[in-house]
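Okay, so here's the structure we're looking at.
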Amino acid sequence: MESLFERVVPRREVLAGELTEARFAASLEEVVAETAPDAYGDADAFFAATYPSAGLRSLLNEALGRVGGGKPDGASVIRLETNLGGGKTHNLIALYHAARGQLSRERAPEFMDPGLLPQDPVSQIGVFVGTSSGATSFPETDGVTPRTVWGHLALQVAGRAGYEHVRADDEALTAPGATALKRVFGDAPTLLLIDEIARYYAVARGVRVGDTTLAGQTTAFLMALMEAVDALPRAVLVITTTEVTDAFGEDTAEVLEAINEARSLMARKELVLKPSEEVDLPKILARRLFESLPADAAAPVAEAYAAAADAAADRGLDLPEGMTGAGWATEITQTYPFHPALIRVLDKRLSTIPNFQRTRGALRLLARVIRRLWNERPDGVGLIHLHHVDLADKVISEELSSRLERPQFEPVIRADVASQPGSEPSHAERVDERMGSRYGRRLATAIYLYSLTRDVPGVPVAELYGAVLAPGDDPNLMQRALEGLEESCWYLHSDVRGYRFSTEASLVKLIQEAEREVSVTKARAHATKILANQFRDGVLKVRRAWENAKVPDNADDAWLVIFHWDDFGDARGVDPHGPIPAKVRELWERTAAGGKREYRNRLVILAPSRGTHDAMVRAVRTHLALEALWGNAETRAALGDDKWNELKKRLEESELFARIAVCNHVNVLYVPTASGLETVELDVVTQASVRPNQTDAIVERLAAMDKTLAAGDKPLDPGYVKAKLGALLTTSQPTMELVRAFARRTDLKMVFDRAQLVALVAAGVRNGAWEYQDPERGDEGWATKDRPTTAVRLAENTYLHPVGSAPAPKEQLCPFCGTSHPGVGCPDTVDTPGGSGSSGGDVAALVPTRFTGAGAAGKAFVDARTAAAEAGRAVLRELVVEIDHVGEGAGTELARLHTIVPTGSLGVRLVYDVEASVSLSSDPSETALVRYHGSPTDYAPLREALKQLLAPRQATLRARIHAVFENPLQLSGEEVNQLAQRASDTGPTKCTITFVTEGET
């Protein structure tokens, strides 16, 4: 795509900055007086810079055709109607020049039917401009100073002789009749041009004439004038009106009423023309501002823009429907060298502001934009966009604020869109600095220009992207830039109508002001609370270094120790790629008493990283600021419901973002490995990955490093473990020494589920790696490859022996018959209940045994299962989970309780017990008491009611679930692993979990 600067040349006066206010202010009166600048007074220069719109062609054909005699059926009264600045005066000037014979025969075909151009200049032309006269003061003509519009016109058309026909009425300020006017005009070709008469009414209404006013007499004159010109075949009246909705709407309505009343007296009806239509505006502007455009310049640019729009839409950018397909290229071709969105804003938005004026205001604005653009010549410009209206230019910014009677928008521009040289960057400019892009300023400028109309302020996001998009743009960066504006701009608002700037401060500004009230110290203190709450006991027990908590040196528990950012001075953290800090290494190597730490494989350490502290403080400050705003009655009163709901949403989001920021700051993990303490930088935490208990994420990362041995993991190979432990297993050792070995050796896994070690011991017996002895069971306590067992206990009084240590088995005598018959049922019990190899009734009865864990659900479950496994239990028959909660949050804890065992699970009988006492007010007697015992199905109707009752109130809650498994579950099986995962992910923060298992024979 060729650059705009290579194909299009602005007019000399545009680049020279000579198109001043006077140059753009088309004045018919100055043209008549021959005092207008050349742009309007010189007919050749005027027509060279004028686009022949359909409205202009119709005007010249109708008016000149009638006065010249070439179109005798032409309209006698022509009304030009549009909004202010819509080209009415410009078209009257064109008609005036042409009527005086100054439209050359060579140029005429471009502007009208050349056959209708009069052979000779029109001899009688009268002009009245309603903005240039007082109520009764008109310029002297032919030695006479008239007092009224009719006297003024009569003198111009027919001199003193014609004036005599209306002298008495002019002096008395009374309207002449149609007959008198016809005598004034006679049979000669006559053209009457009346511009802006509605404005004249504003002063004429203040002059009393008998029982009426001069405005009323002017209305009567207009009716008589229209009757007169309609009766004369070579006379034409052209009158302009603005829309009734503009600043002179009341006066315009009076003019229109006069025209309507005159229709009954006219043989022909008035012809209403619009000087220009929307489609004409880009061509009018281009003709006035540029030299002739190359015929082949628009097509390649339009094709490039259409291709860019299609590509962006394919990448997911939201664009208006009209921007995809061939239609977009056609529209760009019609508006070239302007972007269609720029034309729409000028024509449909800014033109509705009285002080802007559609054509004149657009020319004035674009002349400066073009001059600045051609001086700077940025890369990649194919069209002139909205964002090329550089609001950093003080003249342009004033043009689009103070001049439009919107001076309060000047601070909006400086704060959010474009700054003045030498001042603080605007928020849009800061977005671009952070992103290294140009989209923030572009988008902000476009939004501002869409925001100036009061009736429909703002721009839908699709239309906004469409206004800014150019070939070569990155849609993803554009969307990110808009997000950046939303997060930082003080006066930017968004709602169902789209994006808009307003003088009303947005929530962003309120939040930033509230943030300034939150000290860094306060933010850090709150961040510390978040950190303490975010990392809680689970499979890993948590110790916080800033609480001076001592970390025991034993093989029983696995620890996560968290360092505070204050532990690292001004750096506020560690370098994850640098050496391990001395205090971290000392904690890992030494006990609190200063001795050498023995069980280093039971300790991982978490520390903050330098470089992320400030981001954490900012997120926490924002959360605290939102909390302060939410609790502020004045803020509530100042914000509407929409903004209040938005504040609530932001508050909820900020709590999550603050937690995420804390987790992303404290993200350097030190893990014991075969080579010593290893530094691991944790993955970035997101909304999707943040956990209720972030300790679980640490456990997951350790598992991903193949550092953990937990429930459900692949069992260890006894041969591998025996080789690793070497000399340790060449002699007899207590089974607890195996536990201690895993706690000491950093080249081994961290054991989170001792049931795995129970299984390891049993597997080692079966594989012949070692032999096991439980002395409490006497000779029956030995287990060898030939006599394996699953009843393994990890204890100081159970042992692992080298293979061959077990004594030869004694001959077993039958307790019924006293003889030995291995593998064969006792003959004496064949016909008795329980005989023929049965368990023998009460002799082999099973006694249920209970194992309990307490604390967070995940930890409590692991503790209960570990205790059962170490006691040699293999199956889970029943599961009981109990909570005892006092205070707020009871509803959440109850909901968490009911997630552990899903209702409807096959082979599970569930019983719920709930007892809740809820305070309904400060009066102790106003309480609600709920008790329930029964199935989950019958509980269902109570679930939502209890949630609503408990959610906001203080309560005392005791509840439990009791699950009975029809087919007992294997402790190390997948079903129990799934229960453990549920307990960890969604279980209560504090509870008691009881396993009911099988007993011993």
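The values are calculated or read from the model by the stated rules, or taken from the named source; none is laboratory data. Keep in mind that what you see is a predicted model, and the values were worked out from it rather than measured. FYI the Cβ positions are ideal-geometry reconstructions off the backbone, even for glycines, and counts take in every protein chain you see.
So here's what we get for this one:
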| quantity | calculated |
| --- | --- |
| Subset of the stretch 471-528 (residues that are aliphatic (A, V, I, L, M) and under 30 Å from residue 324 (Cβ atoms)) | 477, 478, 481, 482, 485, 492, 496 |
| Condition check for residue 803: β-branched (Val, Ile, Thr), in a loop (DSSP other than H, G, I, E, B) and within 24 Å of residue 868 (Cβ to Cβ) | no |
| Residues that are crowded, with 23+ Cβ neighbours inside 10 Å, part of a helix (DSSP H, G or I) and charged (D, E, K, R), drawn from the stretch 857-892 | 859, 865 |
| Residue list for the stretch 524-543, filter: of a type in the set (Gly, Ala, Ser) and out of contact with any Asp or Glu (no Cβ under 9 Å at 6 or more places or on another chain) | 525, 527 |
| Among (1) within 60 Å of the chain's Cα centre (by Cα); (2) under 20 Å from residue 80 (Cβ atoms), the one test that residue 191 misses | (1) |
| Of residues in the stretch 435-466 being closer than 25 Å to residue 378 by Cβ and basic (Lys, Arg), the one surrounded by the fewest Cβ atoms within 10 Å (Cβ to Cβ) | 438 |
| Search result, residues across the stretch 47-69 that are at pLDDT 90 or above and among the hydrophobic types (A, V, I, L, M, F, W, C) | 47, 56, 59, 60, 63, 64, 67 |
| Count of the stretch 105-127 residues which are more than 22 Å from residue 74 (Cα to Cα) and touching a residue at least 40 places away in the same chain (Cβ under 8 Å) | 1 |
| Failed item, numbered, when residue 47 is tested on (1) under 23 Å from residue 204 (Cα atoms); (2) not assigned by TED's automatic domain parsing to the domain that holds residue 193 | (1) |
| Residue 132 being of a type in the set (S, T, N, Q) and surrounded by fewer than 23 Cβ atoms within 10 Å (Cβ to Cβ) | yes |
| Test: residue in the stretch 636-645 that is modelled with pLDDT under 90, charged (D, E, K, R), on the phi < 0 side of the Ramachandran plot and in contact with an Asp or Glu (Cβ under 9 Å, 6 or more places away or on another chain) | yes |
| Selection within the stretch 144-172 - polar (S, T, N, Q) and not in a loop (DSSP other than H, G, I, E, B) | 156 |
| Complete set of residues in the stretch 495-523 that are assigned to a strand (DSSP E or B) and either closer than 18 Å to residue 559 by Cβ or of a type outside the set (Phe, Trp, Tyr) (or both) | 495, 498, 500 |
| Enumeration of residues in the stretch 709-735 that are among the β-branched types (Val, Ile, Thr) and either in a helix (DSSP H, G or I) or assigned by TED's automatic domain parsing to the domain that holds residue 657 (or both) | 721, 730, 735 |
| Candidates 940, 874 - the one that is of a type outside the set (Phe, Trp, Tyr) and either in contact (Cβ under 8 Å) with a residue 24 or more places away in the chain or in contact with a helix residue (DSSP H, G or I) (Cβ under 6 Å, 6 or more places away or on another chain) (or both) | 874 |
| Flag for residue 604 being under 28 Å from residue 865 (Cβ atoms), among the β-branched types (Val, Ile, Thr) and not in a strand (DSSP E or B) | no |
| Lone qualifier among 671, 662 - being touching a strand residue (DSSP E or B) at 6+ places or on another chain (Cβ under 9 Å), at pLDDT 95 or above, among the aliphatic types (A, V, I, L, M) and buried (at least 18 other Cβ atoms within 10 Å of the Cβ) | 671 |
| Residue match in the stretch 575-597 (condition: assigned by TED's automatic domain parsing to the domain that holds residue 669, of a type in the set (S, T, N, Q) and in a helix (DSSP H, G or I)) | no |
| Counted residues, the stretch 412-456 - those being at negative phi and free of Cβ contacts under 8 Å to residues at least 40 places away in the same chain | 14 |
| Test: residue in the stretch 649-667 that is among the polar types (S, T, N, Q) and in contact with a Leu (Cβ under 7 Å, 6 or more places away or on another chain) | yes |
| Which numbered condition residue 136 fails, given (1) closer than 26 Å to residue 62 by Cα; (2) more than 60 Å from the chain's Cα centre (by Cα); (3) of a type outside the set (A, V, I, L, M, F, W, C) | (1) |
| Test: residue in the stretch 734-755 that is touching a strand residue (DSSP E or B) at 6+ places or on another chain (Cβ under 8 Å), at pLDDT below 90, surrounded by fewer than 20 Cβ atoms within 10 Å (Cβ to Cβ) and not charged (D, E, K, R) | no |
| The stretch 136-150 residues that are assigned by TED's automatic domain parsing to the domain that holds residue 218, paired with ones that are part of a strand (DSSP E or B) (beta carbon under 6 Å, 6 or more apart) | 149/128 |
| Odd one out for residue 687 among (1) touching a residue at least 60 places away in the same chain (Cβ under 8 Å); (2) not β-branched (Val, Ile, Thr); (3) not assigned by TED's automatic domain parsing to the domain that holds residue 747 | (1) |
| Hey, residue 175 assigned by TED's automatic domain parsing to the domain that holds residue 138, part of a helix (DSSP H, G or I) and of a type outside the set (Val, Ile, Thr) or not | no |
| Qualifying residue in the stretch 759-775 (condition: under 56 Å from the mean Cα position of the chain (by Cα), assigned to a helix (DSSP H, G or I) and surrounded by 15 or more Cβ atoms within 10 Å (Cβ to Cβ)) | yes |
| Residue among 652, 678 that is part of a strand (DSSP E or B) and without any contact (Cβ under 8 Å) to a residue 12 or more places away in the chain | 678 |
| Pair list, Cβ under 6 Å, 6 or more apart: the stretch 710-726 residue in contact (Cβ under 8 Å) with a residue 12 or more places away in the chain, other residue of a type in the set (Gly, Ala, Ser) and in a helix (DSSP H, G or I) | 711/980; 715/759; 718/763; 718/764; 725/741 |
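This table checks each residue for (1) assigned by TED's automatic domain parsing to the domain that holds residue 608; (2) aliphatic (A, V, I, L, M); (3) part of a loop (DSSP other than H, G, I, E, B).
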position	(1), (2), (3)
441	no, no, no
452	no, yes, yes
467	no, yes, no
470	no, yes, yes
476	no, no, no
487	no, no, no
493	no, no, no
525	yes, yes, no
